Amino acid sequence: MAEATADTVTSVPVAVVGAGPAGLMLAHLLGRAGVDTVVVDTRTRQEIATTHRAGILEADVARDLVETGVSDRVVREGHEHEGIELRFGGRPHRIDFKELVGASTWLYPQTDVFTDLADARERDGGTVLFGIEDTEVLDITTDAPRVRCTLPDGSRREIRARYVVGADGSRSMCRDLVPEDRRVRHGKEYPFAWFGIMAEAPTSAPELVYAHSEHGFALISQRTDTVQRMYFQCAPDELVDAWSDDRIWETLQARVAGQDGFRLTEGPVLEKTVLRFRSFVQEPMRWGSLTLAGDAAHTVPPTGARGLNLALHDVKVLADVLLRALGGEGDTALDDYQPRALQRIWRAQNFSSWMTRLLHTEPGDTSFDLRRRLGELDNVAGTRAGRRYLAEQYTGWPTSTRA
């Protein structure tokens, strides 16, 4: 019988489970302060880099990517959006972020954020282990937690740390390490989903278009000058294969049609998917030497473009408290993390839920529900207070350095 191969042991102050944007940004921020990390992920780098998700960054997040030395590609290749368009009642209504709150957002795909961060970690000599298996997080109630895993070549690795961060996404293994009788999970499942497509076509509009019509909701977004991302409301159990290109475009055109004659520029559909809606928050976000960040701790509906931004704000706060903890304050510094993070998280949950209810119809809606929703949309777009509220919420809230 062959002998079991002994683990190769690495010791660092912080181990990070999850090499998405949240985990890599945390490692980058800590690395800039001289704190070594090891980041691990079950996915390969290629798998993460080709999973299409969010594409809108708050200006504060875009600025952080540049000013912390990740990359300036967001301002070279991204597109600044100074507003969005709400379409309802067959007419366009622009929400001018710059005029209302002096802020903007950036169209920059999450895959590009990940690539920039992964390149920065490689450039700076950071350790990121992709494609691992058999991940275990041990001893989190002690001051010497461990992460064990199997590398792609079959060798075993043990990472000994002072703190472990679970940034392992919406199917997080780390959040289950908080004992069931000590955790609270807040959640809501929505009775609809988004049918999302990537299409090879020129842009149809210079900014995002959120459309509400008698035919249902649609979101017109962009990715590049030649590839566009679009969504329309559908049932959660919708079958992707039941939708031909012609049926998709007919549905989207009906939902954005209006008195101004606006039409989408059509092209071959490259990708189709159904995206279910869920709101979720787990408390506590810290258990012993383990902290949770990003989708491991919370998810939001995509309507308000908060998910990626929220995750990156989490780790900005977490980097601050971890540096204080490692710098001499000890575990008491970590007590700041949850209240500071949760304030933003619940704000974002409220805004995302509000945007979702504002723009979608639900099974069983009556004529009253539909007309009331149009009245609310008119209140938002037709009053300065309404437009300002939407602009302020959509462009986000800067992260304070301290509580």
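Let me confirm something: among Glu200, Glu158, Glu180, Glu207, which residue is farther than 19 Å from Gly18 by Cβ and either open to solvent by less than 20 Å² (accessible area, probe 1.4 Å) or touching a Pro at 6+ places or on another chain (Cβ under 6 Å) (or both)? The conditions single out Glu200. Among all residues of the stretch 288-299, there is none that is assigned to a helix (DSSP H, G or I) and surrounded by fewer than 18 Cβ atoms within 10 Å (Cβ to Cβ). Counting only strands (runs of 3 or more DSSP E) that sit wholly inside the stretch 1-50, those with at least 2 residues that are open to solvent by 20 Å² or more (accessible area, probe 1.4 Å) and either modelled with pLDDT of 95 or more or under 16 Å from Asp119 (Cα atoms) (or both) are 8-11. For Val227, the conditions (1) under 30 Å from Val14 (Cβ atoms); (2) free of Cβ contacts under 8 Å to residues at least 60 places away in the same chain all hold with the exception of (1).
Please go through the stretch 88-120 and pick out each residue that is among the small types (Gly, Ala, Ser) and not in a helix (DSSP H, G or I). Passing the criteria: Gly89, Gly90, Gly102, Ala103, Ser104. Annotation note: of Pro152, Pro191, the sole residue that is of a type outside the set (Lys, Arg), surrounded by fewer than 21 Cβ atoms within 10 Å (Cβ to Cβ) and either closer than 30 Å to Asp260 by Cβ or under 24 Å from the mean Cα position of the chain (by Cα) (or both) is Pro191. Counting the residues of the stretch 48-73 that are charged (D, E, K, R) and free of Cβ contacts under 8 Å to residues at least 40 places away in the same chain gives 3. Checking each residue in the stretch 241-276 for being open to solvent by 30 Å² or more (accessible area, probe 1.4 Å), without any contact (Cβ under 8 Å) to a residue 40 or more places away in the chain and not hydroxyl-bearing (Ser, Thr, Tyr) picks out Asp241, Ala242, Asp245, Asp246, Arg247, Glu250, Gly261.
Looking at Thr203, is it closer than 30 Å to Leu117 by Cα, part of a loop (DSSP other than H, G, I, E, B) and out of contact with any helix residue (DSSP H, G or I) (no Cβ under 9 Å at 6 or more places or on another chain)? So Thr203 fits the description; yes. Checking Arg76, Arg53 one by one, the residue that is assigned to a loop (DSSP other than H, G, I, E, B) and of a type outside the set (A, V, I, L, M, F, W, C) is Arg53 and no other. When the residues of the stretch 216-229 are filtered to those that are out of contact with any Phe, Trp or Tyr (no Cβ under 9 Å at 6 or more places or on another chain) and outside any loop (DSSP other than H, G, I, E, B), the one that is most open to solvent (accessible area, probe 1.4 Å) is Val227. Taken together, Arg171, Arg175 contain a single residue that is open to solvent by 10 Å² or more (accessible area, probe 1.4 Å), without any contact (Cβ under 8 Å) to a residue 40 or more places away in the chain and under 22 Å from the mean Cα position of the chain (by Cα), which is Arg171.
Here Ser213, Ser279 are screened, and the one residue that is within 22 Å of Arg91 (Cβ to Cβ), open to solvent by less than 40 Å² (accessible area, probe 1.4 Å), of a type in the set (Ser, Thr, Tyr) and touching a residue at least 40 places away in the same chain (Cβ under 8 Å) is Ser213. Val16 meets all of the listed conditions (1) closer than 30 Å to Asp260 by Cβ; (2) in contact with a Ser or Thr (Cβ under 6 Å, 6 or more places away or on another chain); (3) not aromatic (Phe, Trp, Tyr) but one, namely (1). Does Leu312 count as farther than 30 Å from Phe217 by Cα, in contact (Cβ under 8 Å) with a residue 24 or more places away in the chain, assigned to a helix (DSSP H, G or I) and not β-branched (Val, Ile, Thr)? Against the criterion (farther than 30 Å from Phe217 by Cα, in contact (Cβ under 8 Å) with a residue 24 or more places away in the chain, assigned to a helix (DSSP H, G or I) and not β-branched (Val, Ile, Thr)), Leu312 does not qualify. Anything in the stretch 117-138 that is of a type outside the set (A, V, I, L, M, F, W, C) and out of contact with any Lys or Arg (no Cβ under 6 Å at 6 or more places or on another chain)? List them, or say none. Within the stretch 117-138, Asp119, Arg121, Glu122, Arg123, Asp124, Gly125, Gly126, Thr127, Gly131, Glu133, Asp134, Thr135 meet the criteria.
The values are calculated or read from the model by the stated rules, or taken from the named source; none is laboratory data. Because the structure is predicted, anything quoted here is derived from the model rather than measured. Please note: Cβ atoms are built from the backbone with ideal geometry, for glycine as well, and neighbour counts cover all protein chains shown. Note: areas computed on protein heavy atoms with side chains; ligands, DNA, RNA excluded. Shrake-Rupley method; radii C 1.70, N 1.55, O 1.52, S 1.80 Å.
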